[in-house]
2 protein chains.
Amino acid sequence: MYRSHNCGELRASHINNQVTLAGWVQKTRDKGFIIWVDLRDRYGITQLVFDDERTPKAMMEIARSLGREFVVQVKGTVVERDSKNSNISTGDIEILVSELTILNTALLPPFTIEDDTDGGEELRMKYRYLDIRRNPVKNSLIFRHKVAQEVRTYLSGQDFIEVETPYLIKSTPEGARDFVVPSRMNPGQFYALPQSPQTFKQLLMVGGMDKYFQIVKCFRDEDLRADRQPEFTQIDCEMAFVEQEDILTVFEGLTRHLLKEVNGVEIEKFPRMTYDQAMQKYGNDKPDIRFGMEFCELQPSGETFGFGVFDDAELVVGITAEGCAQYTRKQIDELIEWVKRPQIGATGLVWIKYNPDGTLSSSVNKFFDETMLRHFANQMNAKAGDLMLIMAGATRKVRGQLSALRMELATRLDLRKPNEFAPLWVIDFPLLEWDEDTQRYHAMHHPFTSPKPGQIELLATNPGEVKANAYDLVLNGNEIGGGSIRIHDKKTQALMFDYLGFTPDEAKAQFGFLMDAFQYGAPPHGGLAFGLDRLVAILGGQETIRDFIAFPKNNSGRDVMIDAPAPIDSDQLEELNLILNIKS
Amino acid sequence: MYRSHNCGELRASHINNQVTLAGWVQKTRDKGFIIWVDLRDRYGITQLVFDDERTPKAMMEIARSLGREFVVQVKGTVVERDSKNSNISTGDIEILVSELTILNTALLPPFTIEDDTDGGEELRMKYRYLDIRRNPVKNSLIFRHKVAQEVRTYLSGQDFIEVETPYLIKSTPEGARDFVVPSRMNPGQFYALPQSPQTFKQLLMVGGMDKYFQIVKCFRDEDLRADRQPEFTQIDCEMAFVEQEDILTVFEGLTRHLLKEVNGVEIEKFPRMTYDQAMQKYGNDKPDIRFGMEFCELQPSGETFGFGVFDDAELVVGITAEGCAQYTRKQIDELIEWVKRPQIGATGLVWIKYNPDGTLSSSVNKFFDETMLRHFANQMNAKAGDLMLIMAGATRKVRGQLSALRMELATRLDLRKPNEFAPLWVIDFPLLEWDEDTQRYHAMHHPFTSPKPGQIELLATNPGEVKANAYDLVLNGNEIGGGSIRIHDKKTQALMFDYLGFTPDEAKAQFGFLMDAFQYGAPPHGGLAFGLDRLVAILGGQETIRDFIAFPKNNSGRDVMIDAPAPIDSDQLEELNLILNIKS
């Protein structure tokens, strides 16, 4: 062993001990007659001291020559510091070095290895092994380990069995695009990497495994939006002989356990909301309920509002920004510009100020008198000092736009506290979702989700109305998990595939094994999957997942550190019976 | 919840309780006036009872109609059994059923769901979800979970951090064949699936992660030998600032922990043996030391043996089969035929019987008198009643053949007890291995293994003699883990690539990122990886890994259940810029 202790563990109680440490040179302070070196490893920083009086001249010279990130081993005596540093755990002591060995030199790193680095994203990714030395990244990876370990401990304690499902499976055109893997031994055939172990976990339920989980990599060959990765990690779970309530109970328990063990936060009972309620109150199926600002749908006082923009709209809906009546014209114009950006796409924004003096003013003074404005204020529960912001238009669109505005306002008002946790179950999701591109219904979760009992008939007449036993777990405005009770009989599954536009032959070719399995005694079952990358980031109080992934890919799906993907040898292509077809 | 209890937990103490159970019909015994049904789930079997006296007629009819593997839910009262069954945990009680619901019917399964099934391998794989219902498979998967969980608990307790490394990496022609994944976003380029996270774990050490582990899937596109899988699981580990001794200590600790927690076996200290010793004493670098039968190299009494076969041989070596002097001519001929099979390839086998009466007889009476035979017997530590078996020829070949014979004899003599555990460290492996096909040296472990200090110079003159800081952990004749101290400086790594036949450009293109990393302050480091599939099988007392893998592939790399690999759509191929090139 190159060390007797690590760089984070020596305390005043070790004074006079002989120790050996090894680590990286964080920085050197050379005062001429005395040199201090901060020695760093994963566990902390320990100060080394060399001085003219006690250190041999030759060693002083070596100490002086140490560059940043050199790897060194030192032997020495733990001594008390003259000026203690209460900011670090080893701040009471320093090491008077008696032996100094350079284990490896280091080129000057391309960015500083500090909490706040001067390195840009691209550079940090290229030298990710240096980036990982920085506390924010290192601690995020350790945090991730802790969360994963707690998940396993909790679920194992509840009799769940972690079962590894295969990575080389079969491609199915349904859903997102698969990554495929050509098979050398089966010419012309391909494996696919799993988008999730969905069918395998259902087969494990048919196989009597009863309670399954797996922390598992999944793959999607999608055009990458910001903060999406082609490979991502799920906590995948499934249970047999359960109803929705059982699943919510178990995984609320898991999430509560994590919040307590990892964040020290105790939350008694998670609130629940139907999908319809969430859409109506927050315009969003994953509302952030750390703050209020709920939607209020405005009702005209008479037959109509008497204002074309409102009268012609399918929905008139607003939010009340508490204490924002003092917003300047410039601030309000900013918000209006913000909602008009193409990403949001709103045509406008009506504002009403409930001034601190009790008067009301608005952008629609021409159309509404003060009585009317007061009528709106009453509906919207606004009080003196508040700002009301109202949008009108097609229901779906306006809800999305106002939801975006609500989040933006919350950010500006600092209402999204990273260390506050507001979990929420959203339940009763629609079974199907209309897809504008293909002009047909798609499964909102996936084709294995069961409709609510007694609603199958509705599929023929009102498919968009059919609700599913499907649920999402939302945390601070992010969907961290989602799942459903599954179909477990062949007839219903075949019916679903039919409604989703599969021919019987297609259904059989792609999912025949699952429907076969349902004929041999499939129990009722259901489950849920958490997105671990996102979950960890949110528990860690962060918005982006990248620092919680050791070696992430960039938005073109590239690993810029190892420079992958890359061309392969022509021999390899030939063995795989493939020819490249690049249009130049 | 479909049940109040599972099928394995009811005891005499529950008598008179009202319970709800759900599970599969294992079997029905219909005596006319009374029907017993064994209800099974993951946790056990509970007997249900229906009888003319206490059960409504309609329910009797339904009970009578239950087929094997039907999924049912019952409500009823726990009652004491008339004739108790001490073979099962619930054998004191049965359930007098008051409500019976068929949750799902089942076709007759294609093989019996019993510990000893009538299903062949192929059928069991096709209906793996039914195979998993059988105790031997189900229990193997649960056992695997337990082992993995213990590994994580132990290593986490030792401050190891589990870090997920990427699955979409870069192909390197070195070593086994990669599975590759075409990149749609980067036309003409491919990811590769990792054969191991080797370079990433080394980069984590450069990144200061200090102690890393990961239970991770790895991939190799090899022609599959029996009991090999294209995807397999490793317990991958790496530590910084360590020497070989530290690694042996930590992972001996892990293995000891597993043996204790999983098998209830306590083993104090694992023996160690150099590679050279193992080859000399067992003809094998992964000797099974549950039994003796060590090799004895015979020395001539004079200048020569006076027997051409021995005199012309590079090596004359034998083993002593204790108590086998009574082997018949037929039995011995069988052994001779066995070693002559092409898989072993021996030209012959000399036998000497040390008869119980103290006389000696042999297949070489023509060449050796009794004094000489007694001389051999002394060398080989044989005693009255033993059988000596001797082979002669080229060292490497003969050792391999005699090793195979030793294992075969041990099997015949029942010396390989599945519940006995004999771990062994084999250390000081050669750095390089001569490859007959390519007529050059290859890295025996991999090109990142460091030569023993002071032996680098030997590479130029005697490459085959260079020893590495490389070690294997052997359990019951299987390599369950292997690793090495790594090279951690660019110069040595470049030298290694050079010796292995890489041009500087090839080395840079494939491993430039690693050699770059070594320039920025790489600590000394080393590690080890266990093959989890094999480890679990051996701890479970089994020779084959297949039942410890939920959904294994067959020897053609196919999943016969989901029928993968399979052709993909022409659209998919086009998006990936690929054309199939199948020679028909």
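The values are calculated or read from the model by the stated rules, or taken from the named source; none is laboratory data. Please read all numbers here as calculations on a predicted model, not as lab measurements. Here the Cβ positions follow ideal geometry from the backbone for every residue, glycine too, while neighbour counts run over all protein chains shown.
Tabulated data for the structure shown
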item	result
Single unsatisfied condition, B:S362 versus (1) under 22 Å from B:E420 (Cα atoms); (2) among the hydroxyl-bearing types (S, T, Y); (3) assigned by TED's automatic domain parsing to the domain that holds B:L405	(1)
Among the candidates B:G67, B:G32, residue that is within 14 Å of chain A (Cβ to nearest Cβ), more than 23 Å from A:E245 (Cα to Cα) and surrounded by fewer than 15 Cβ atoms within 10 Å (Cβ to Cβ)	B:G67
Any chance A:N186 is polar (S, T, N, Q), within 13 Å of chain B (Cβ to nearest Cβ) and over 29 Å from A:G157 (Cβ atoms)	yes
Hits in the stretch B:237-264 (condition: part of a loop (DSSP other than H, G, I, E, B) and either under 19 Å from the mean Cα position of the chain (by Cα) or of a type in the set (G, A, S) (or both))	B:G264
Residues satisfying the stated conditions in the stretch B:1-51, i.e. within 12 Å of B:V97 (Cβ to Cβ) and among the polar types (S, T, N, Q)	B:Q18, B:T20, B:T46, B:Q47
Whichever residue in the stretch B:549-563 is at pLDDT below 95 and among the small types (G, A, S) and, among such residues, is surrounded by the most Cβ atoms within 10 Å (Cβ to Cβ)	B:G557
Candidates A:K260, A:K201, filtered to the one that is of a type in the set (K, R) and within 11 Å of chain B (Cβ to nearest Cβ)	A:K201
Per-region count, the stretch B:199-240, residues within 23 Å of B:F179 (Cα to Cα), surrounded by fewer than 23 Cβ atoms within 10 Å (Cβ to Cβ) and among the basic types (K, R)	4
Pair list, Cβ under 6 Å, 6 or more apart: the stretch A:347-370 residue part of a strand (DSSP E or B), other residue of a type in the set (S, T, Y)	A:V350/A:S363; A:W351/A:S363; A:I352/A:S362; A:K353/A:S361; A:L360/A:Y354
Matching residues, the stretch A:98-111, being closer than 25 Å to B:K491 by Cα and of a type in the set (S, T, Y)	A:T101, A:T105
Tabulated pairs, the stretch B:249-263, first aromatic (F, W, Y), second crowded, with 20+ Cβ neighbours inside 10 Å, C-beta under 6 angstrom, 6+ apart or interchain	B:F251/B:L528
Scan of the stretch B:315-346 for residues that are surrounded by 20 or more Cβ atoms within 10 Å (Cβ to Cβ) and assigned to a loop (DSSP other than H, G, I, E, B), ordered by number	B:C324, B:A325, B:A346
Residues (among the aliphatic types (A, V, I, L, M) and under 29 Å from B:V137 (Cα atoms)) located in the stretch B:20-56	B:L21, B:A22, B:V25, B:V37, B:L39, B:I45, B:L48, B:V49
Search result, residues across the stretch B:153-182 that are farther than 15 Å from A:L576 by Cα and at the interface with chain A (Cβ under 7 Å from one of its Cβ atoms)	B:S156, B:I161, B:E162, B:V163, B:E164, B:T165, B:P166, B:Y167, B:L168, B:I169, B:K170
Test: A:G483 is more than 14 Å from chain B (Cβ to nearest Cβ), closer than 19 Å to A:L432 by Cβ and surrounded by 23 or more Cβ atoms within 10 Å (Cβ to Cβ)	yes
Residue match in the stretch B:414-427 (condition: surrounded by 20 or more Cβ atoms within 10 Å (Cβ to Cβ) and not in a strand (DSSP E or B))	no
Scope the stretch B:11-53; condition within 16 Å of A:G207 (Cβ to Cβ) and of a type in the set (D, E); matching residues	B:D41
Subset of the stretch B:219-231 (residues that are in contact (Cβ under 8 Å) with a residue 24 or more places away in the chain and at the interface with chain A (Cβ under 10 Å from one of its Cβ atoms))	B:F219, B:D221, B:E222, B:L224, B:Q229, B:P230, B:E231
Residue that is farthest from the other protein chains (Cβ to nearest Cβ) [pool: residues in the stretch B:82-104 that are surrounded by fewer than 16 Cβ atoms within 10 Å (Cβ to Cβ) and in a loop (DSSP other than H, G, I, E, B)]	B:D82
Residue that is surrounded by the most Cβ atoms within 10 Å (Cβ to Cβ) [pool: residues in the stretch B:163-198 that are over 25 Å from B:H525 (Cα atoms) and among the basic types (K, R)]	B:R184
Contacts under 7 angstrom Cβ, first residue in the stretch A:410-423 being on the phi < 0 side of the Ramachandran plot, partner among the aromatic types (F, W, Y), 6 or more apart	A:A410/A:F291; A:L415/A:F291; A:P423/A:F270
Subset of the stretch B:122-152 (residues that are more than 8 Å from every other protein chain (Cβ to nearest Cβ) and without any contact (Cβ under 8 Å) to a residue 12 or more places away in the chain)	B:N139
Looking only at the stretch A:110-121, and only at residues there that are farther than 12 Å from B:G207 by Cβ and not acidic (D, E), the one that is nearest to the other protein chains (Cβ to nearest Cβ)	A:P110
Unmet criterion (only one of (1) surrounded by 16 or more Cβ atoms within 10 Å (Cβ to Cβ); (2) farther than 25 Å from A:D489 by Cα; (3) without any contact (Cβ under 8 Å) to a residue 40 or more places away in the chain) for B:Y43	(2)
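Conditions tested, residue by residue: (1) surrounded by fewer than 22 Cβ atoms within 10 Å (Cβ to Cβ); (2) at the interface with another protein chain (Cβ under 9 Å from one of its Cβ atoms); (3) of a type in the set (A, V, I, L, M).
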position	(1), (2), (3)
A:L514	no, yes, yes
A:G526	no, no, no
A:L535	no, no, yes
A:L539	no, no, yes
A:D547	no, no, no
A:I568	no, yes, yes
A:D571	yes, yes, no
A:E574	yes, yes, no
A:I579	yes, yes, yes
